[in-house]
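Read through the structure below, which is laid out as structure tokens, and then see the notes.
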Amino acid sequence: MAARTASVHKIKHHYGPGFVIWTIFKYFTLILVSFTSVLPIVSCVITAFKSKTEYQNTNVMQLPKVWKISNFAEAFQVANMGRAFLNSLIILIFVLIGSILIGTSLAYALNRFKFVGNGLIRNLFTFAALLPAIAMQVSTYAIMSNLHLINHLYGYIFLMMGTDVISIYIFIQYSRSTGTSCCRS
Amino acid sequence: MSSAAATAPAKKSFWKSRRGQQITVIIAFTIIPVFLLMLFTYYPFAEMVKFSFYKMRYVGKRVFVGWDNYKEIFRRDDISGSLVLCLYYMVGAIVQIFLALYFATILSMKVKCGKLFKGLIFFPYLINGIAIGFIFKFFYTRGFVLDTVLHAFGIPMSALPYWLKDKAVNNWSLVYSSVWRYMGQNMVLFIGAIMSVDSSLYEAAALDGANNWQKFKYIILPSIKTIVTLNIILSITGSLSAFEAPYVITGGNNGTGTFFVVMDKVAHTSQKVGLASAMAVFLLCIIFIATIIQKLLFKYIFRNANADDESLDAKKAKQKARKAAAKAAAKGGM
């Protein structure tokens, strides 16, 4: 026992000049990138609190002397944010419920059962995930207007539920990891 | 089960049997998602291919024109010019992957305030693309954020270009906004992959006296090959379909309109639905071909790398031994 404790000693680090330069460079790049990552946002936040005259007269990066909150109230009214948030909430609830129900049931069926179309359906979803949504907009617009779903909230909800292929992918991955033992018992 | 069979000797209907129930469940569970997928992805795709052969608007008569729309893609300067712009985004994507790898490696080792740096760098990815567009519109305006910061470093105002108007730099400005947004997400993915490397490998390497650069080259790089190649493929596809940044920040003016921005203008402003569909199908084919080429290329480059921790010579020796054994078995069998 005594011999073992005697042989354990701390490793001494020799900090050569190369190490110091590397450390300085490392932290310098980290700080630089973090700074550039938040700079655009910070400038927006600062400007959001300035009044019009102060905004025209001062440097963009200077903190406002008076923190004017009325800009937010004005933006809320002019942009009709109340209605916009309500719409977002409605869409969120319905798309979430629909997407989860559909996605999990599909993942369950694809993972538990062997049937003829299993591989085909998987490949259909994989290929669909590759297609960028923007490319489809031209004809999707035509189809939606034929179904009279344009300019309605439920049209958008329906579209969101149908094009959410990534979430189905994720559900398939997760259901692979859930064991079948609980179902058997 | 046997008691059930004893008390119910009559044959159960097919739909109540195990297989029948399975089939009911399968059909019930898969019919809605597959129907939605068909309706919103494959049916538009088929319709788009059909539209591309017609000269048409959204409502009104359609005239069949065959391959004319595709020929027009190459004839029109604005469309074929916009294809070249994706090269800028590809360069940006490569820079992005290098930066992400560099920061992922640094941040997966012990660094002071590591979590803070990770959070700050990942933060841009969480913001909506359109909001980012407006933030950068503000960022690049003459005399505003970027100019002020550079001025503070001593660069005189007269030397600074008009970031969004000057044709020499405006595409790079847009590419920067894209790199700014996605570098954090790439970095976090790489960190996840680096963390999944067995830590005993690092200890073994440290015992053998490897410094950080050697650890990176021989342990980290081989283990995260798959995710790096996946990211490269996704970046190339992404740069071909770049849309949000140019659309929101410059509206595609001053020579920044990428392919999809021009397609959107053609479809909704000029109402040339046939031409727009042809453009979309054309780009989808390019993306498809590019993905296949990349997959084959990476399969070729990494053809010997099935097991991550075997050296190439060991693998070759194994293969030789296997072939010799197979030959011997065949000879012995005869």
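The values are calculated or read from the model by the stated rules, or taken from the named source; none is laboratory data. This one's a predicted model, so the numbers in the text were calculated from it and none came from an experiment. Glycine also receives a Cβ, built like all others from the backbone with ideal geometry; neighbour counts cover every protein chain displayed. Areas reflect the complete protein model, heavy atoms only, side chains present, ligands, DNA and RNA absent. Shrake-Rupley method; radii C 1.70, N 1.55, O 1.52, S 1.80 Å.
Structure notes:
- The protein assembly as shown, helix-only ellipticity at 222 nm - DSSP H runs n ≥ 4, -39,500 (n - 2.57), divided by all residues, nearest 500: -22500 deg cm²/dmol
- Alpha carbon centroid spacing (whole Å) that separates region B:79-139 from region A:68-121: 26
- Spin-label pair B:Phe98/B:Ala46, simplified geometry with 7 Å Cα→Cβ offset, distance in nm: 4.7
- More than 32 Å apart - percent of Cα-Cα pairs taken over chain B: 55
- Label-reachable residues, region B:265-282, where backbone N falls under 11 Å from a point 7 Å from A:Ser145's Cα toward its Cβ: B:268-269, B:271-273
- Accessible surface area normalised per residue over chain B is 58 Å², counting heavy atoms of protein chains with a 1.4 Å rolling probe.
- Every Cα-Cα pair in region B:96-172 was counted, and those over 14 Å apart are 73% of them.
- Mean Kyte hydropathy of -0.5 or more with a Cα span along the axis of at least 30 Å, helices from DSSP in chain B: B:77-108, B:170-195, B:273-301
- Free of any trypsin sites (Lys or Arg not before Pro) that DSSP assigns to a loop and that have at most 16 other C-beta atoms within 10 Å, the longest stretch within chain B is B:168-302.
- Minimum 30 Å² accessible area buried by the other protein chains, region B:123-148 residues, probe 1.4 Å, relative to alone: B:Phe123, B:Ile135, B:Phe138, B:Phe139, B:Phe144, B:Val145, B:Thr148
- Between the beta carbons of A:Ala84 and B:Leu126, assuming R0 = 22 Å, the FRET efficiency works out to 0.70 to the nearest 0.05.
- Chain A pair-distance distribution - Cα-Cα, 5 Å bins, rounded %: 1, 6, 8, 8, 8, 8, 8, 9, 10, 9, 8, 7, 5, 3, 1, 1, 0, 0
- Cα-Cα over 30 Å, subset of A:Lys68/B:Lys167; B:Lys217/B:Lys316; A:Lys114/B:Lys331; B:Lys110/B:Lys137: A:Lys68/B:Lys167; A:Lys114/B:Lys331; B:Lys110/B:Lys137
- Net dipole in debye of chain A [+1 Lys, Arg Cβ; -1 Asp, Glu Cβ; about Cα centre; nearest 20]: 820
- Estimated buried accessible area (total), pair A and B, 1.4 Å, Å² to nearest 100: 5200
- Share of carbon and sulfur in the accessible area of region B:110-178 stands at 70%, probe radius 1.4 Å.
- Residue-span extension gain [B:Ala168 to B:Ser270] - 0.36 nm each, minus C-alpha spacing: 33.9 nm
- Charged-residue dipole, Cβ positions (Lys, Arg, Asp, Glu), the protein assembly as shown about Cα centre, Debye nearest 20: 1760
- Shielding by other protein chains, A:102-109, mean Cβ within 10 Å: 5
- Chymotrypsin sites (Phe, Trp or Tyr not before Pro) restricted to DSSP loop in region A:14-85 with at most 13 other C-beta within 10 Å: A:Tyr15, A:Trp67
- Taking every Cα-Cα distance in region B:196-242 and sorting them into 10 Å bins from zero, the calculated P(r) comes out as 25, 37, 21, 14, 4 percent.
- Residue (of B:Ala104, A:Leu86, B:Phe14) at the positive-pole extreme of the protein assembly as shown, dipole from beta-carbon charges: B:Phe14
- For A:Cys44, the accessible area of its heavy atoms, probed at 1.4 Å with every protein chain present, is near 40 square angstrom.
- For region A:130-172, diffusion coefficient by Stokes-Einstein and Kirkwood Rh (Cα), 10 °C, 1.306 mPa s, µm²/s: 139
- Once the Cβ-Cβ distance of A:Ile69 and A:Phe115 is raised to the sixth power relative to R0 = 56 Å, the FRET efficiency obtained is 0.40.
- Coarse-grained scattering of the protein assembly as shown at q = 0.06, 0.08, 0.13 Å⁻¹, given as base-10 log I(q)/I(0) from a Debye sum over alpha-carbon atoms: -0.44, -0.75, -1.50
- Other residues lying with their Cβ under 15 Å from the Cβ of B:Phe243 contribute a combined charge of 0, Lys and Arg counting +1, Asp and Glu -1.
- Applying a DSSP loop filter and a limit of 11 other Cβ atoms within 10 Å to the chymotrypsin sites (Phe, Trp or Tyr not before Pro) in region B:21-126 leaves B:Trp67.
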